[in-house]
Amino acid sequence: MRTVELNIKVTANEAMVWQDEHLYLLDQRLLPHQSVFIQCDDAAETAEAITAMVVRGAPAIGVTAAYGCALAVRQRIADAGNWQEKVAADFAHLRAARPTAVNLMWAIDQCSAMLPSISSDNAYSTLLNFALELHAKDRADNKTMGEFGASLLEGCSSVITHCNTGGLATGGHGTALGVIRSAFAQGKINEVYADETRPWLQGARLTAWELVQENIPVKLMTDGACAARMAAGGITWAIVGSDRIAANGDVANKIGTYNLAVAAKYHGVKFMVAAPTSTIDLQTVSGADIEIETRDPSELLGCGGKLVAPEKAGAWNPVFDVTPASLVDAIVTEKGIILNPDRDKIAAHMAN
Ligand code: MRU
């Protein structure tokens, strides 16, 4: 992967930058201490960056994939031969970059659907415009979602969040972190407790970085501390994002989300999932049908590149889990709020 330094002020809204006909991805593996971008000029480079976690977070993966589709079309039209066939193979390569975040497939399916009606003269501009629009729409939708989510909070309290769902994980503003931003701006949140989110530490490295930049008080805690923190009092909501919401309202999100939801139910803390409608997958009947990504054991056995477990230890490393809909008090999208989600309410919300 080619690293470059861009002459821009790096904020959480610069996870993906389209500049001078290149795609630049802020290398989130190095944050918060280094701001380096990876340059992508074709589908293979874009897919590699998604798999390697340079860019992560379901909506950001979807937007990145849309840029990757435009890059594939540009490259294959410049090649000799049947560009449509090569582009179809590139799209399949991008689609396989990560299995759980449905925004990836959702974006690529829309690009694929455009192919039959475009010619080599307008294919690149059509797909690039689609990617740019998707990027801008995601940011705008997150602001709307943030307001909907914030409207559910009453008074002023502390909240818990998991993983990173902010500008870095989306086109900007964020989903769950967008709700937290909007609610903080309205004086409804005094402090955010962020799970560190083993093993990639998205909470410690990314969520804390985003919140510190905006002077939103944040305290990190280990993933295992959530029940103890709830028992200590003062927490009204746990607010998380999602990689895929099944048609019945079951929610796949970063490993540890399910623990948080179980602990929330026990302690009478409300549980909110903020995600765009592009994360709701009506084709997936229930959470049991969601493919859960399992990553290399080495991610768990070590920390910061240093082995911490004994050499012969194995590791079980699913990076997402499924929270049953019965543990979710509200799903918030850019279209509004679904309280106590179930199959009928989700279908009605999507049909609106
Ligand atoms: O493995 P990651 O970092 O891609 O996982 C990200 C999450 O689990 C997020 O909570 C989810 O994608 C929603 S991001 C707005």
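What follows is calculated from the coordinates using simple rules that are stated; it is not laboratory data. As the structure is a prediction and not an experimental result, all values here were calculated from the model. So basically every Cβ, Gly included, is an ideal-geometry build from the backbone, and we count neighbours across all protein chains shown.
Output the residues belonging to the range 322-352 that are small (Gly, Ala, Ser), in a strand (DSSP E or B) and in contact with a strand residue (DSSP E or B) (Cβ under 9 Å, 6 or more places away or on another chain).
Hit for the range 322-352 is 330, nothing else.
Does residue 189 qualify as being buried (at least 24 other Cβ atoms within 10 Å of the Cβ) and within 12 Å of the ligand (Cβ to nearest atom)?
no
Look at residue 115 and say whether it is in a helix (DSSP H, G or I), within 16 Å of residue 95 (Cβ to Cβ) and more than 17 Å from the chain's Cα centre (by Cα).
Against the criterion (in a helix (DSSP H, G or I), within 16 Å of residue 95 (Cβ to Cβ) and more than 17 Å from the chain's Cα centre (by Cα)), residue 115 qualifies.
Okay, residues lined up against (1) under 21 Å from residue 136 (Cβ atoms); (2) out of contact with any Ser or Thr (no Cβ under 9 Å at 6 or more places or on another chain):
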position: 166; (1), (2): yes, no
position: 169; (1), (2): yes, no
position: 184; (1), (2): no, yes
position: 187; (1), (2): no, yes
position: 195; (1), (2): no, no
position: 199; (1), (2): no, yes
position: 203; (1), (2): no, no
position: 222; (1), (2): no, yes
position: 226; (1), (2): no, yes
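When the range 49-87 is examined, which residues are found to be small (Gly, Ala, Ser) and over 14 Å from residue 123 (Cα atoms)?
If the condition is that a residue be small (Gly, Ala, Ser) and over 14 Å from residue 123 (Cα atoms), then 49, 52, 57, 58, 60, 62, 65, 80, 81 are the ones that fit.
Filter the range 37-68 down to the residues that are touching a residue at least 60 places away in the same chain (Cβ under 8 Å), buried (at least 24 other Cβ atoms within 10 Å of the Cβ), more than 13 Å from residue 130 (Cβ to Cβ) and aliphatic (A, V, I, L, M) and list them by number.
58, 60
If I filter the range 212-219 for residues that are of a type in the set (Asp, Glu) and either within 11 Å of residue 160 (Cα to Cα) or within 15 Å of the ligand (Cβ to nearest atom) (or both), do I get at least one hit?
no
Do we have residue 207 as within 15 Å of the ligand (Cβ to nearest atom) and either surrounded by 19 or more Cβ atoms within 10 Å (Cβ to Cβ) or touching a residue at least 12 places away in the same chain (Cβ under 8 Å) (or both) here?
Against the criterion (within 15 Å of the ligand (Cβ to nearest atom) and either surrounded by 19 or more Cβ atoms within 10 Å (Cβ to Cβ) or touching a residue at least 12 places away in the same chain (Cβ under 8 Å) (or both)), residue 207 qualifies.
Tell me the residue from 277, 323 that is within 12 Å of the ligand (Cβ to nearest atom) and of a type outside the set (Phe, Trp, Tyr), please.
Criteria check complete, one pass: 323.
Take residue 131 and tell me if it is within 16 Å of the ligand (Cβ to nearest atom), under 20 Å from the mean Cα position of the chain (by Cα) and of a type in the set (Gly, Ala, Ser).
Answer is no for this residue.
Scanning the range 287-319 for residues that are within 16 Å of the ligand (Cβ to nearest atom), touching a residue at least 40 places away in the same chain (Cβ under 8 Å) and not charged (D, E, K, R), which turns out farthest from residue 343 (Cα to Cα)?
300
Return the residues of the range 1-34 that are under 18 Å from the mean Cα position of the chain (by Cα) and polar (S, T, N, Q); say none if nothing qualifies.
11, 13, 28
Quick one: residue 152 ticks every box in (1) under 22 Å from residue 142 (Cβ atoms); (2) within 13 Å of the ligand (Cβ to nearest atom) bar one, so which box is it?
(2)
With in contact with a Cys (Cβ under 7 Å, 6 or more places away or on another chain), buried (at least 24 other Cβ atoms within 10 Å of the Cβ) and closer than 22 Å to residue 14 by Cα as the only criterion, which of 104, 71 stands out?
Criteria check complete, one pass: 71.
Does at least one position in the range 263-273 carry a residue that is without any contact (Cβ under 8 Å) to a residue 60 or more places away in the chain, within 16 Å of the ligand (Cβ to nearest atom) and under 22 Å from residue 316 (Cβ atoms)?
Within the range 263-273, not a single residue is without any contact (Cβ under 8 Å) to a residue 60 or more places away in the chain, within 16 Å of the ligand (Cβ to nearest atom) and under 22 Å from residue 316 (Cβ atoms).
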